[in-house]
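The values are calculated or read from the model by the stated rules, or taken from the named source; none is laboratory data. Just so it is clear, the model here is predicted, and its values are computed rather than measured. Methodologically, a virtual Cβ is constructed for each residue, glycine included, from the backbone with ideal geometry; neighbour enumeration extends over all protein chains shown. Just so you know, the surface numbers come from the protein's heavy atoms only, side chains and all, with ligands and any DNA or RNA stripped out. Shrake-Rupley method; radii C 1.70, N 1.55, O 1.52, S 1.80 Å.
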Amino acid sequence: MTTRITILCENLVGQLIGSGEHGFAAFIETDQGNYLFDTGSGHSVVSNSLVLNKDLRSINTIFLSHGHYDHTGGLPEVLKMKGKVDVHAHPHIFSDRLAVLKEEGTEKKRFSGIPYKKRYLEFLGANFSFNTDFIEIEKGVFLTGEVPRRTSFEKPDPRLKIEVDGEITQDILPDDQSLILDTDKGIVLILGCAHSGIINIINHVVNKIGKGKFYAILGGTHLDFLTPEQLEESIKLLKQMEIETIGVSHCTGMRAAFRLHQEFGDRFFYGCVGSVLEV
Ligand SMILES: [Fe+2]
Ligand SMILES: [Fe+2]
């Protein structure tokens with residue numbers, strides 16, 4: 001399988017073209033068709049697809065990593081171009097989500113869930129398929145489903161909350177799932193925000209696929225927003241694994257990206273808007 005992955009939406013712009021935004025999306029081209037993994041927050045997915053020459057009308061499937069606005073907010077814009085298309089996600093993506101952030105010395109709650117109703121997205125052409133378990137979508141293309149939280153050091157982000165029946169509690173993001181491409185060169189793992197913990201996700205993938213050779217791990221790792229222990233333990237275990245390339249983006253954060261670069265050297269790259277990984 002020949003595969004090319006282009007970062008379509010991301011916080012940073014790496015070339016002379018494209019726009020940055022808080023969000024993530026990757027355009028995936030394979031011999032068996034094109035896919036979109038996440039959609040960014042809605043500001044740049046269409047304009048970046050045009051300047052990067054990636055035709056959103058050519059995608060045959062959309063995967064959503066989880067229900068945060070910065071991964072799902074671009075869905076209407078994509079649907080307006082594409083029309084009817086299969087959208088794979090966990091059923092909890094429509095949960096009411098909040099982020100509690102410190103702004104000007106006070107705590108402010110901001111809505112951080114998917115900003116559109118399911119019916120509206122269906123009206124625009126989304127054909128939702130919900131999964132909670134590991135699933136093969138097409139030959140060699142898998143979604144992790146819910147990831148068991150097994151490590152002691154990977155904790156949920158305390159700023160992220162969920163509201164159910166008026167009660168606000170810690171959001172553990174059960175809907176967080178990642179995309180797996182099983183290629184001749186090894187597994188390519190694409191993360192949304194890795195809210196399940198990057199090590200938990202990798203262990204789950206190895207368990208389910210039965211292979212431990214990763215050609216690349218790409219996407220948001222959320223490593224800079226948690227404890228230093230989580231960052232250092234994760235890096236220690238990542239270094240023990242068979243990972244050819246690590247290309248981080250979005251919610252990895254600069255300090256964590258610098259640490260990963262220190263440890264992985266030439267095997268590291270920052271996946272900004274327009275970055276391409278060819279397999
Ligand atoms: Fe995110
Ligand atoms: Fe997220």
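Evaluate the Debye formula for the chain with equal point scatterers sitting on the alpha carbons, no solvent, and hand back log10 of I(q)/I(0) at q = 0.11, 0.12 Å⁻¹, in q order, two decimals.
Per q value, in the given order, log10 I(q)/I(0) is -0.57, -0.68.
When N is the residue count of the stretch 123-279, what does its C-alpha Rg come to as a fraction of 2.2 N^0.38 Å?
Working: Rg = 15.8 Å, N = 157, 2.2 N^0.38 = 15.0 Å.
For the stretch 123-279, the normalised Cα radius of gyration is 1.05.
Full extension from GLU244 to PHE258: what is 0.36 nm times the residue separation minus their Cα-Cα distance, to one decimal in nm? All intermediate terms of the calculation are to be shown ahead of the outcome.
Details: separation 14, 0.36 × 14 = 5.04 nm, distance 1.77 nm.
Length difference between fully extended and current span is 3.3 nm.
Cut-off under 16 Å on the C-alpha distance; same-chain residues fewer than 8 positions from LYS239 excluded. Which aspartates and glutamates are left, in chain and number order?
Cross-link targets: GLU229, GLU263, ASP266.
May I ask for the Rg/Rh ratio of the stretch 95-158, computed from Cα atoms with Rh as the Kirkwood radius, given to two decimals? The partial results should precede the final answer.
Numbers: Rg = 17.2 Å, Rh = 15.7 Å.
Radius of gyration over Kirkwood radius for the stretch 95-158 works out to 1.10.
State in Å² the accessible area per residue of the chain; use a 1.4 Å probe, count heavy atoms of protein chains only, and round to the nearest integer.
Numbers: 12070 Å² over 279 residues.
Spelled out: the 1.4 Å probe surface of the chain, per residue, equals 43 Å².
Where both partners of a DSSP beta bridge lie in the chain, what percent of those bridges are antiparallel, to the nearest 5? Numbers along the way, then the final one.
Working: 39 of 67 bridges.
Of all bridge pairs located within the chain, approximately 60 percent are antiparallel.
Of the listed peptides 175-182, 120-127, what is their order by residue-averaged count of other C-beta atoms within 10 Å, with the highest listed first? Can you show the working numbers first?
Working: 175-182: 25.4, 120-127: 16.2.
Ranked by mean Cβ neighbours within 10 Å, highest first: 175-182, 120-127.
Could you state the number of Å between the C-alpha centres of the stretch 9-39 and the stretch 255-271?
20
May I ask you to work out the translational diffusion coefficient for the stretch 37-93 at 37 °C, viscosity 0.692 mPa s, via Stokes-Einstein with Rh from the Kirkwood sum over Cα pairs, reported in whole µm²/s?
On the way: Rh = 11.4 Å.
Rounded to a whole number, D works out at 289 µm²/s.
What lysines could a cross-link reach from LYS80, if we take a straight Cα to Cα line under 20 Å and drop same-chain neighbours fewer than 8 places away?
Here the lysines satisfying the reach criterion relative to LYS80 are LYS54, LYS117, LYS118.
Can you give the extra length, in nm with one decimal, that the chain gains between GLU138 and ASP266 once fully stretched, where that is 0.36 nm per residue apart less the Cα-Cα distance?
Numbers: separation 128, 0.36 × 128 = 46.08 nm, distance 3.21 nm.
Using 0.36 nm per residue and subtracting the Cα-Cα distance, I get 42.9 nm.
What do you get for Rg/Rh over the stretch 1-126 if you use C-alpha atoms and the Kirkwood form of Rh? All intermediate terms of the calculation are to be shown ahead of the outcome.
On the way: Rg = 15.1 Å, Rh = 15.0 Å.
On the Cα set of the stretch 1-126, Rg over Rh gives 1.00.
Give me the extension gain from ASP55 to ARG119: residue separation times 0.36 nm, minus the current Cα-Cα distance, reported in nm with one decimal. Could the numbers behind the result be given before it?
Values: separation 64, 0.36 × 64 = 23.04 nm, distance 2.54 nm.
So the chain would gain 20.5 nm between ASP55 and ARG119.
Once neighbouring chains are kept in place and the probe is 1.4 Å, which whole percent of the accessible area of the chain is contributed by carbon and sulfur?
On the way: 6000 of 12070 Å².
Within the chain, the accessible surface is 50 percent carbon and sulfur.
Which lysines have a Cα less than 28 Å from the Cα of LYS236, not counting those fewer than 8 places away in the same chain?
Within reach: LYS155, LYS185, LYS208, LYS211, LYS213.
Only residues of the stretch 54-71 count here: report those whose backbone N is under 13 Å from the spot 7 Å along Cα→Cβ of ASP31, or say none.
Flagged as within label range: none.
What is the Cα coordinate range of the stretch 186-269 on the first, second and third principal axes, sorted by size from largest, in whole angstrom?
Extents along the principal axes: 32, 27, 21 Å.
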